[in-house]
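Take a look at the structure below.
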Amino acid sequence: MMAVAAEARHSRLERMLARLAVQKACLEFACSELSASRGVILELGLGKGRTYDHLRKLFPAREIYVFDQTLHAPRDCVPDSRHLRLGDLRETLADPILVALDVILVHADIGSEDLASDARLTLELAPLIDKLVSGGALVLSDREMKVARWQALPLPGAADDWRYFMYRVGESPASR
Ligand SMILES: C[S@@+](CC[C@H](N)C(=O)[O-])C[C@H]1O[C@@H](n2cnc3c(N)ncnc32)[C@H](O)[C@@H]1O
């Protein structure tokens, strides 16, 4: 009840602004954290291409693989065909070819207005993402994900008006 009441105090415009601010702050945190690391980026949820466009600005030298169910981004935000994976993430993320990539950052922006459906989706996606990342990688998400070896990180200072999630991936038990 409290959450509904708190949400109702903010208009959709205010919520959109808060969401965009937290996304920008988290992506920029990831950029500073990972500047000395090698590896590729996975953007899950191309949508209108806003966060993909910011990622490619922040990480101009990195390969960014981009996923969505369907393509509805402006033309200037569509990656080349080698870096675009269309289809349900539960299938496209399970592609064994992805395991060979050295993934250093996953940004999962897959939320909808249906929180129950999103929760079911993230339950399936988290273990698929976990198979693709190694120790030290970051996972940023607009929906909470629970994986034993992922450590939740505090959000960057200004980003406390919108729920967003950042995790640092720990070493897998097998590699210790
Ligand atoms: C919030 S939007 C992404 C917004 C985008 N990052 C941006 O900045 O413009 C969520 C996207 O996730 C995609 N999506 C949701 N569930 C999916 C699934 N199961 N498989 C593939 N894409 C999915 C939707 O098609 C939608 O484009």
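Any read-out appearing in this document is the output of simple, stated calculations on the displayed coordinates, not a laboratory observation. The structure displayed is predicted, hence computed values, not measured ones. Note that we place each Cβ from the backbone using ideal geometry, even for glycine, and neighbour counts take in every protein chain shown.
Things to note:
- Per-pair calculated FRET efficiency, R0 = 22 Å: ASP114 and ILE64 via Cβ, rounded to 0.05: 0.20
- Protection proxy ranking, highest mean first, for peptides 75-84, 54-63: 54-63, 75-84, where packing is the per-residue count of other beta-carbon atoms within 10 Å, averaged.
- Shape of the stretch 1-96, Cα gyration tensor, a/c cut at 1.5: prolate
- The chain, helix-only ellipticity at 222 nm - DSSP H runs n ≥ 4, -39,500 (n - 2.57), divided by all residues, nearest 500: -10000 deg cm²/dmol
- The stretch 97-145-the stretch 46-93 distance, computed between alpha-carbon centres (Å): 15 Å
- Tally of Lys pairs whose C-alpha atoms are under 18 Å apart, taken over the chain, 8 or more apart or cross-chain: 4
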